[in-house]
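Structure first, commentary second.
Every number here is computed from the coordinates shown, using simple stated rules; none is lab data. These numbers come from a predicted model, not from an experiment. For neighbour counting, all protein chains shown are included, and Cβ atoms are generated from backbone atoms with ideal geometry for every residue, glycine included.
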Amino acid sequence: MSLRKVLIANRGEIAVRIARACRELAIPCVAVYSEADRGAPHVAASDEAVHIGPAAASDSYLNADRLLEACVRTGCDSVHPGYGFLAENAKFAARIEQAGLTFIGPPAAAIAEMGDKTVARRRMTDSGVPVVPGSGGPLASAEEALSAAERAGFPVLLKAAAGGGGKGMRVVERAPDVARAFDAASREAGQAFGDDRVYVEKYLENPRHVEVQILADRHGTVLHLGERECSIQRRHQKLIEEAPAPGLPREVREELGNVACAAARAVGYVGAGTVEFLLQESEFYFLEMNTRIQVEHPVTELVTGVDIVQWQLRIAAGERLTLPDSVADPVGHAIECRISGEDPYGGFLPSTGIIRGLDLPGGPGVRWDGGVVVGSEVGLDYDPLLGKLIVLGATRAEAIVRMRRALDELALNGVRTTIPFHRAVMDEPDYLAGRVSVRYVEQHPELTESGAGWPADAAVAVAAVLEHRFRDMSSPRTTLRAASMPATERSAWQRRFEADE
Ligand code: ADP
C-alpha cells in the first residue's frame, strides 16, 4: 500500500512542513486555501491548490464538506490534517475513512477517547498511568465542583473535558470562588468546543510541562522518541520548547517514555502522537495526549534525526517502524522559539498587519519552519504563529548561544512579534540554569515589561520620535501613517491610540 496523493487540510507553517515531507517521499500533494491565503507559502509549496472558501476558518479550513470535495476533485486518496482546525476531530477522521480515504493520523476511536480528558484520565488510571489528582468525571453542578475541589484540596483547576489551547481553564484558590469559576469555565468551554462539561484537577503549584513523542505503526509497534521540555508558556500555551528536558535524571526519562508508550497502547494508537505530563520534583502525572503532529516536533527531529512527518505518511501507507531502540537517546540539544504575531509587552495580544520585511537566519545548526513571506497579511482569522526558529547545538549551552545568534539575524517587520521576548529569555539566568516551570513567564515580569529587550537609550529615542509624531495626528491620517511605520513604533502607537479613545 502506498499513498497516491495527499490533501493537506491546513495552512501556514505546518502545511509547508507537510508539503516538504511529501516532496521528499515523492508523493504529490494538494494545498487548500481560503480567500485570505491566496498566494500563501503553503500554496506555492504544494503541487496543486484548491480554493475552499472565505477567510473565516468555519467556512474554509473547518469545513469538512469543502475538504472532501477538494479530495474528490483532485483525486487525493489521503488527508493530512496538520494540527489545530480538524486535526483532533474524531468525526472528521471517521468521515474521511468512510469516504474510502486514508486519514493520516490515529483511528477515530483513539482521537475520541483521548479528546475527552475525563475519559482519557479514566483510561490512564485503568492502565496504571498516574494522572493529576482530581474528579473522576465531568461535574454536573457548582455544588459537585465544590465537593470535588474540597476532596482534591485547594488550589484547584477547573478544566474543560473537551479542552485544548488553554481554553476553559480556571484556577480557583478558595471555596467561595468555585461557583463563579464553574459557570465561567463551562461557558467558555461551551463557546470554544460546543461542549460545556468541566472537571476538577488539583492545581500543581510549580510543575514543569514535559511531554513524550510517540510513533506507532499499524502492526503493533509503539516506540517513543524521548521527551521535550515545554514549560515556558503564556496563557497555558507554549512559547519555547527544547529536547531533551534539562536536568532530567535518566531513570525519569526512561519511565516517562515507557508510560507514554503504555498510554498509546491503551487506546490502540497509530501514527505520531504526544503524551503530555506535569512533572513536580520527580513525580509525574499524565496531563493529556495530543493525537496529532505538534508544533514543537522539530526539536525532537533535530536530536533524533528522525523525520516525524515523513513517518506519519509512511505509517499511514502501512509501513513498519524500523527505528532502533537507541533512537530515543538524544544527540545534542535543540531549542525552538515560536515566532508569533503577538506583542510580548502587551499581554501577548495579537498584532496584525502586513509583513514588510523578512530576513531569515542561516548557518550551522539553524532551521526555520515558516508560513509567511514578505507581503503576507497577518489578520485575526487564524493562529498568530508565523514561523518557528529551531537550533541544534552539541550541548544546551551551545544551543542557547546559537539561538541568540539566530534571533539576532532574524528580522521580521510589519507586525509586533515574540522575537525580543525570546532574545531576553536567552540571557535570563534561571533559563540558562534550566530552572523553568509553567509559571516561568509570570515569575519573570521583567521579560514582558515594556522596553525589555531594548537598550534603554534606544527605547528613549523611540519614545521621543513617537511623542513628536503623535502631536498633531487625527485618526484617519494616523491610520495611514501607522501602516508605514515600523512595527515596534506602530504597536506603541496603537496602544496609545486605544488608551486615548
Ligand atoms: P490544553 O489541552 O488546553 O492545552 P492542558 O491540559 O494540556 O490543556 O494544559 C495546558 C497547560 O496548563 C499545562 O502545560 C500547564 O501549564 C497548565 N496546567 C494544566 N493542568 C494543570 C494542573 N493540574 N496544575 C497546574 N498547571 C496545569
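If R0 is 30 Å, what FRET efficiency do you get for Asp126 and Asp325 from their C-beta distance, rounded to 0.05?
Numbers: r = 27 Å, r/R0 = 0.90.
E(calc), rounded to 0.05, equals 0.65.
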**Prompt:** So, by mean Cβ neighbours within 10 angstrom, what's the order for 138-149, 333-344 with the highest one leading?
**Reply:** 333-344, 138-149
**Prompt:** Which whole-angstrom value gives the distance between the alpha carbon centres of region 1-51 and region 353-411?
**Reply:** 21
**Item:** Separation in nanometres of the label points that stand 7 Å from Cα toward Cβ, at Ala94 and Leu349
**Value:** 4.1
**Item:** Two-site label geometry, Val373 and Arg38: point separation in nm, points 7 Å out along Cα→Cβ
**Value:** 1.6
**In range of the label at Leu380: residues from region 1-39 whose backbone nitrogen is under 17 Å from the point 7 Å along Cα→Cβ** = 36
**Prompt:** All other residues with a Cβ under 15 Å from the Cβ of Ala140 taken together, and with Lys, Arg as +1 and Asp, Glu as -1, what is their net charge?
**Reply:** -4
**Request:** Over 23 Å, how big is the tail of the calculated P(r) for region 6-104, in percent of all Cα pairs?
**Result:** 12
**Request:** Determine, from the Cβ-Cβ distance of Arg404 and Arg265 and an R0 of 41 Å, the FRET efficiency 1/(1 + (r/R0)^6), rounded to the nearest 0.05.
**Result:** 0.50
**Unsatisfied cross-links (Cα-Cα over 24 Å) in the set Lys5/Lys91; Lys91/Lys388; Lys159/Lys388** = Lys91/Lys388; Lys159/Lys388
**Fill in**
Expressed in angstrom, Rg and Dmax over the Cα atoms of region 323-410 are 15.5, 47
**Item:** Cα Rg, Dmax (largest Cα-Cα span) when computed across region 133-202, Å
**Value:** 10.4, 29
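Give the Rg/Rh ratio for region 406-455, taking Rg as the radius of gyration of the Cα atoms and Rh as the Kirkwood radius, to two decimals.
Values: Rg = 11.6 Å, Rh = 11.9 Å.
Value, to two decimals: 0.98.
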**Message:** On the principal axes of its Cα set, how long, how wide and how thick is the chain? Give whole Å, largest value first.
**Reply:** 68, 57, 46
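What does the extension gain come out to for Ala175 and Ala140, with contour length at 0.36 nm per residue minus their alpha carbon separation? Numbers along the way, then the final one.
Working: separation 35, 0.36 × 35 = 12.60 nm, distance 1.71 nm.
Extra length from Ala175 to Ala140 when fully extended: 10.9 nm.
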